[in-house]
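Down below is the structure, laid out as structure tokens.
The values are calculated or read from the model by the stated rules, or taken from the named source; none is laboratory data. For clarity, every value in this text was computed on a predicted model and none was experimentally measured. Positions of Cβ are generated from backbone atoms using ideal geometry, with glycine treated the same way; all protein chains shown enter the neighbour counts.
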Amino acid sequence: MIRAVIDTSVLMRGFMSQRGPAGRVLVAVSRRTFEPVVSESSLVELRRVVSRPSRDRHRIDQSVAELVMSCLEEQPLVTIEATPALVTIRDAKDAYLVRTAIAGGAAFLVSVDNDLLVLADDLRPFGVEVVTPARFVQILGAD
């Protein structure tokens, strides 16, 4: 089964609209079409972003968010604390995603963040392909 780390920004886009590639990624999570790779850091970040007050908060479909959170929380947690920083990351706040992907043996890191997308060549030697939600949906054959 394909293993992938899904960036919080992709999940949030899907929570706000189930149409489009991010929404289709959420459908794939709920149908267990692939195995999400999750660390404690990624769950903490997702919970923080979902619960913070923002102008977009009212747009989150809470039932979808709860279903996806439940699916992610069922996954075994990858320990990333001992994983060294193996690549240079422009935005240090994204380091947990890269470390989760490498430590968890993910084949994909799905993101819309340019700071992560530019790491495609750097992460390839670790077996991680950085892709957009649209490309990931194509790979899964879920489009």
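Looking only at residues of the range 90-110 that are buried (at least 24 other Cβ atoms within 10 Å of the Cβ) and not in a helix (DSSP H, G or I), we find that the one that is modelled with the lowest pLDDT is 104. Can you tell me which residue in the range 125-142 is modelled with the lowest pLDDT, limited to those that are in a loop (DSSP other than H, G, I, E, B) and of a type outside the set (A, V, I, L, M, F, W, C)? Within the range 125-142, the match that is modelled with the lowest pLDDT is 141. The set of residues in the range 11-21 that are closer than 17 Å to residue 131 by Cβ and either among the basic types (Lys, Arg) or at pLDDT below 95 (or both) comprises 11, 13, 14, 20.
Criterion first (touching a Leu at 6+ places or on another chain (Cβ under 6 Å), buried (at least 19 other Cβ atoms within 10 Å of the Cβ), within 23 Å of residue 135 (Cα to Cα) and among the small types (Gly, Ala, Ser)) does residue 28 satisfy it? When the stated conditions are applied, residue 28 passes them.
Among the residues of the range 18-40, write down those that are among the small types (Gly, Ala, Ser) and in contact with a Lys or Arg (Cβ under 8 Å, 6 or more places away or on another chain). 20, 22, 23, 39, listed by residue number.
Among the residues of the range 44-58, those that are at pLDDT 70 or above and either under 19 Å from residue 17 (Cβ atoms) or not in a helix (DSSP H, G or I) (or both) comprise 46, 49, 50, 52.
Only one of the numbered conditions (1) assigned to a helix (DSSP H, G or I); (2) closer than 22 Å to residue 96 by Cα is not met by residue 4, and that is (1).
Of the listed requirements (1) buried (at least 22 other Cβ atoms within 10 Å of the Cβ); (2) in contact with a strand residue (DSSP E or B) (Cβ under 8 Å, 6 or more places away or on another chain), residue 1 misses just one: (1).
Under the condition of being assigned to a helix (DSSP H, G or I) and either touching a helix residue (DSSP H, G or I) at 6+ places or on another chain (Cβ under 7 Å) or free of Cβ contacts under 8 Å to residues at least 12 places away in the same chain (or both), the residues counted in the range 112-122 number 5.
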